[in-house]
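Data block below; observations after.
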Amino acid sequence: MLSQIIMALGLMVTLATAQIPSGGTPLPLTLIVTVVDSTGATLGSLNGYGNFSSPGPDYPFNSRVNTDGTNTLSGYGACYLDNGVLDCYYPDGIPVGTIGEFYEESGLLALIGSGTEFSVSATTDAAGGLDPFGRSYGIPVYAGDVAAIPVTLSIAGASG
């Protein structure tokens, strides 16, 4: 019986990592996402909306492992791409079948189909405005090199 359980667990691990590209790993369960420019300088972080916020604050995202080994990521809501823009807040409901699938690649947040390339339109979030609680909305983060400033999204596991 024990050997059957061990074999079943081994099969589950094999299936769980089948869809993550080579070199990728599942995300930590709780993580902070930092926005880094092409020179390696930290610009800020992602806020709960999934937007770039400078200088922060650091928002603790949660991840959940899917059966294919990829992760869904949640800020104020489940993160997905809305016309190429990362979105983690949707008061009107998320479109069916659009939740993003993420993984970690060399310490960076990666999106299935887009990899680790992201971009923003400015190095500050001054144009983003404030939500009703006085927190910065931030500015959009694009999958790929769509906006003027290429960035990577560095991740670090968090606890507490």
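Think of each Lys and Arg Cβ as +1 and each Asp and Glu Cβ as -1; about the Cα centre, that makes the dipole of the stretch 62-145 roughly 220 debye. Modelled spin-label separation between Ser121 and Ala41, with each label point placed 7 Å from Cα along the Cα-to-Cβ direction: 2.1 nm.
Each part reduced to its alpha carbon centroid, the stretch 106-140 and the stretch 43-57 end up 6 Å apart. With no solvent and one equal point scatterer per Cα, compute the Debye intensity ratio I(q)/I(0) for the stretch 28-160 at 0.09, 0.12, 0.19 Å⁻¹ and report its log10, rounded to two decimals. Relative scattering, expressed as log10 I(q)/I(0), comes to -0.22, -0.40, -1.07. The spread of Cα positions in the stretch 21-98, taken along each principal axis and listed from longest to shortest, comes to 35, 35, 23 Å.
Once C-alpha pairs closer than 8 Å and six or more residues apart are averaged by separation and normalised to the residue number of the stretch 16-139, the relative contact order reads 24 percent. For Asp37, neighbours were defined as the other residues whose beta-carbon sits under 15 Å from its Cβ, and their charges (Lys and Arg +1, Asp and Glu -1) total -3.
Take the Cα radius of gyration of the stretch 63-141 and divide it by 2.2 N^0.38 Å, N being the number of residues; the result is 1.18. Using the Cβ-Cβ distance between Thr67 and Asp92 with R0 = 45 Å, the FRET efficiency computed as 1/(1 + (r/R0)^6) comes to roughly 0.95.
Readers should treat all values here as calculations from the given coordinates under stated rules, not as data from a laboratory. This is a predicted model, so every value here is computed, not measured. Glycine gets a Cβ as well: all are built from the backbone with ideal geometry, and neighbour counts include every protein chain shown.
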